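Coordinate-derived values only; no laboratory data. Small disclaimer: the values here were computed from a predicted structure and weren't measured. Neighbour counts run over all protein chains shown; Cβ positions are idealised from the backbone, glycine included.
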Amino acid sequence: MNCNYCEWRCSLTRGEGRCRMYTFKDGVIQEKYPFTWSRCQAEEIEKVPIFHFLPDERILQLGSFNCNASCAYCMNASIAEPQQELATFVLQPEQVVTLAKRGQYKIIHFGINEVTVSLPSALKIAALARQNGILTGCSTNGFLTEEAAAAAAAAFDFFNLSLKSLQDSFYRQHLGLPTVAPVLRNIRYLAQHTHLEITTPITKDNEGEIPALAAWLASVNKKIPWHLFRLLPAHKLEHAAPPAVMTLVNTVTALEDKPYYIYIGNFVGSKWVNTHCRHCGETVITRLSDGACGARLQANYLKQDLCPHCGSRQDIVVEVNKCTA
Amino acid sequence: MYGLIDVGDWQTYVDLKTGLELDTGQPPMLAELLKNSPYPGDGEISVSWVRQTAERIISLYDPHWLMLTYTQPVFAQNTGLQPESLQPLHRRIINDILELCRSKAYETVIVMTGAKVPLKEEIINLPTTGLLETSPWGSALAGLSGAVPEDEEILLQQPYIKQVVSKTDILTKHPEADENFRYYLPDYCLVAADGYLFRGFNSHFPKKKTLADLCAASIPVYSTLGTPNHIRELYGIMKNALLNGKKVLLAVIEGYRADAAVPSGFHMCGNKDEWYSYAGLAQYLLLSSGKAFYETPYPPVYNRTKKKRETVYPFSGFFVSIPADTLGDLPGIRSAVVSSRSMIVHMAANADLAIECYCRDKSTMGTMAAIKQALASSLA
Ligand code: SF4
């Protein structure tokens with residue numbers, strides 16, 4: 001029996017799969033650690049980063065452990081590839097939803113590690129959350145199978161997908177994944193079916209790819225927000241230098257074929273995390289980068305979803321009807 | 001207060017209250033200092049960084065009150081350093097401090113904080129309706145929020161909980177407590193029995209630990225300014241010395257083994273008020289301003305489910321205002337800080353100038369200088 005959650009499609013008949021999170025038992029694929037988490041915390045949606053979906057909303061963030069990739073520069077290797085025993089805890093769907101309601105979180109987000117390796121748990125929580133008027137979203141490396149991507153798109157309200165490169169060779173060398181092809185396929189699919197934002201961690205090894213990545217994303221949909229992370233390499237590359245801030249800024253400034261919204265962050269004090277109206281160029285949301293990952297909202301000048309300067313509609317989801325928490 | 005942030009190849013100069021970039025240029029001397037003294041990371045190498053940066057600040061500004069903080073023993077223990085290797089690290093730090101004080105004629109106060117003991121067990125789930133919350137690293141101090149009346153009985157029955165203190169009791173005793181303190185105080189504050197460590201909501205680092213923090217009733221202190229019985233006295237002792245024309249260096253060394261011998265020259269000094277043993281932000285504020293934990297806007301444990309978006313001091317952790325009456329803010333006294341602890345110390349000290357590492361989670365993001373406006377203008 002092969003696992004159908006990610007494109008490794010591991011055989012589970014004689015093992016637990018590459019991510020060590022699934023097993024084949026009683027005739028079905030099962031999670032080894034259902035509803036088992038390594039982290040549960042309060043965050044702001046901008047920290048995911050998600051900048052164009054319910055700005056300023058607080059999220060309840062859950063992360064499990066392990067991963068289906070093995071990124072050489074992983075920032076969360078202690079969770080994604082733990083070498084030591086972790087302190088984990090179990091939270092059943094009802095407990096998660098109760099927690100969200102008690103804290104008045106309108107959104108539950110599955111992040112920290114790769115959602116695919118705990119997808120059945122996440123989907124069950126998402127279903128119960130939706131019944132209770134709570135939205136859900138996830139962060140993923142996008143290496144899901146087509147069927148898993150479809151199930152996730154139907155269950156979650158937003159995605160942050162990490163596209164690291166367009167090159168199979170980069171995926172093989174730096175992520176331990178055989179090909180980028182399923183990631184690109186899933187981006188095209190998710191862009192049509194849900195709210196999608198893309199993050200690309202930039203190191204010195206892929207900074208030259210920024211123009212090609214920008215052009216490819218623009219060809220999918222120019223409205224997809226794109227977060228460029230100046231990556232502080234960690235894990236196996238912890239001694240590698242991060243890319244220079246102004247090199248990134250100058251590269252982005254010189255782009256011609258590109259998405260409308262490009263953010264440069266993951267370093268403290270970044271000035272390139274604000275949203276500008278693509279029609280008149282005025283600033284509609286200001287944010288502040290305090291370092292790791294996304295940013296924090298500073299001021300939201302939108303009038304509903306309209307630019308306060310020129311009145312044009314912004315590509316930002318400001319209201320979701322089913323959200324009642 | 002202004003902030004100059006250096007991420008290695010790029011700097012930005014901001015108003016620390018709003019986080020907004022300033023349109024005035026940064027003081028060139030400060031920009032150079034950060035460029036040439038980047039925080040090298042949390043390993044032993046940053047012991048030298050503290051010393052070298054302190055020497056640069058002394059030659060630039062000659063502060064009367066200089067505060068240094070060392071977190072290297074915490075990180076070293078987190079990465080598995082054994083007690084026998086910890087002692088040489090402590091000795092090295094203490095010798096560094098004493099040498100600096102001798103060569104620059106500072107009176108010396110050294111406080112060792114963050115006691116650790118071998119871990120007996122991690123407390124991850126409680127059979128309560130209320131939610132267990134603690135610091136991202138896990139702690140011997142936790143909060144329970146969203147509690148129901150039955151929870152108190154359950155808490156009192158847990159053998160690994162030494163003390164259960166209700167919000168009601170704390171606020172009844174301290175009706176003057178600040179609004180921010182009241183807002184974030186959880187329904188119960190819980191003190192773990194020795195050797196136990198709370199994990200829970202907001203616990204960021206899931207790796208199982210071998211050491212537990214200890215809510216230490218007394219901690220080792222070294223002082224050339226007399227022998228205090230409680231760390232709350234240190235504020236007055238240092239203030240007097242400064243007002244009498246002495247130069248004073250306060251060093252805080254975080255992370256020591258409570259089961260190891262007290263370093264020579266140190267004595268054990270009270271570190272507890274009521275039920276609370278000082279640690280972290282509250283301890284820094286007690287040292288710098290003499291304020292007890294209930295006299296600050298910051299509760300010892302936070303109910304983070306109530307976390308609001310921070311609109312002020314975005315680079316300064318939980319701080320919502322600059323603390324008043326600190327040693328760093330004494331009129332006519334030049335003051336400075338060098339800290340390998342991110343976020344807290346530049347605010348707690350409220351010194352004229354502070355140089356700190358800037359870290360998030362486990363990553364060093366750069367180096368930050370916090371500088372008072374008046375000094376920034378005079379250096380411009
Ligand atoms: S999720 Fe991917 S890596 Fe994990 S078992 Fe399934 S196919 Fe293998």
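Checked against a 18 Å cut-off, the cross-linked pairs B:LYS104/B:LYS246; B:LYS208/B:LYS307; A:LYS204/A:LYS258 give Cα-Cα distances beyond that limit for B:LYS208/B:LYS307; A:LYS204/A:LYS258. Cα centroid separation, the range B:123-186 to the range A:247-325: 39 Å. For a straight C-alpha distance cut-off of 16 angstrom, the aspartates and glutamates reachable from A:LYS25 (same-chain residues fewer than eight places away being disregarded) are A:GLU16. A Förster distance of 25 Å, applied to the separation of the beta-carbon atoms of A:GLU147 and A:ALA212, puts the FRET efficiency at 0.30. Summing charges over neighbours of B:ILE5, with a neighbour being any other residue whose Cβ is under 11 Å away from its Cβ, gives -4 when K and R count +1 and D and E count -1. Counting every other Cβ atom within 10 Å of each residue's Cβ, A:PHE143, B:PHE315 order from fewest to most as B:PHE315, A:PHE143. Here the contact order of chain A, divided by its residue count and restricted to Cα pairs under 8 Å and six or more residues apart, works out to 16 percent. Between the range A:25-69 and the range B:294-313, what's the alpha-carbon centroid distance in Å? The distance from the Cα centre of the range A:25-69 to that of the range B:294-313 comes to 25 Å. Net charge around A:CYS277, counting only other residues with Cβ within less than 14 Å of its Cβ (Lys, Arg = +1; Asp, Glu = -1)? Neighbour charge sum, excluding A:CYS277 itself: +1. The charge dipole of the protein assembly as shown, taken about its Cα centre with unit charges on the Cβ of Lys, Arg, Asp and Glu (plus for the first two, minus for the last two), comes to roughly 500 debye. Kindly flag which residue pairs out of A:LYS32/B:LYS120; B:LYS239/B:LYS272; B:LYS120/B:LYS209; B:LYS209/B:LYS306 have an alpha-carbon separation exceeding 18 Å in this structure. In this structure, A:LYS32/B:LYS120; B:LYS239/B:LYS272; B:LYS209/B:LYS306 lie more than 18 Å apart at Cα.
Arrange the peptides B:212-220, B:34-42 so that the one whose residues have, on average, the most other Cβ atoms within 10 Å appears first. Spell out each step's value before the answer.
On the way: B:212-220: 22.4, B:34-42: 17.4.
Final packing ranking: B:212-220, B:34-42.
When each of the peptides A:168-180, B:76-88, A:35-47 is scored by the mean number of other C-beta atoms lying within 10 Å of its residues, the order from highest to lowest reads A:35-47, A:168-180, B:76-88.
Nearest 500 deg cm²/dmol is fine: what mean residue ellipticity at 222 nm does the protein assembly as shown get from its DSSP H runs of n ≥ 4 alone, each adding -39,500 (n - 2.57), divided by its residue count? Mean residue ellipticity at 222 nm (helix-derived): -7500 deg cm²/dmol.
Choose one of B:ALA376, B:THR12, A:PHE156: the residue whose Cα lies farthest towards the positive end of the charge dipole of the protein assembly as shown (beta-carbon charges +1 Lys, Arg; -1 Asp, Glu; about the Cα centre). Going by the Cα projections, it comes out as A:PHE156.
Legend: mean number of C-beta atoms from other chains within 10 angstrom of residue C-beta atoms, peptide B:206-212, equals 5. Counting partner chain Cβ atoms within 10 Å of every residue's Cβ in A:54-62, what's the average? So the per-residue partner count for this stretch is 1.
Rounded if a/c is under 1.5, else prolate if a/b is larger than b/c, else oblate: which is chain A, with a ≥ b ≥ c the root eigenvalues of its Cα gyration tensor? Since a/c reaches 1.5 but b/c is at least a/b, the shape of chain A is classed as oblate.
Contact order, relative form, for the range A:8-139: 25 percent (alpha carbon pairs under 8 Å, 6 or more residues apart, mean separation divided by residue count).
Using only side-chain charges placed at the Cβ, +1 for Lys and Arg and -1 for Asp and Glu, the dipole size of chain A relative to its Cα centre rounds to 260 debye. The aspartates and glutamates whose alpha-carbon is closer than 18 Å to the alpha-carbon of B:LYS116, local same-chain residues fewer than 8 away aside, are B:GLU84, B:ASP194, B:ASP213, B:GLU254, B:ASP259.
The mean number of Cβ atoms from other chains found within 10 Å of a Cβ in peptide A:84-93 is 4, as a whole number.
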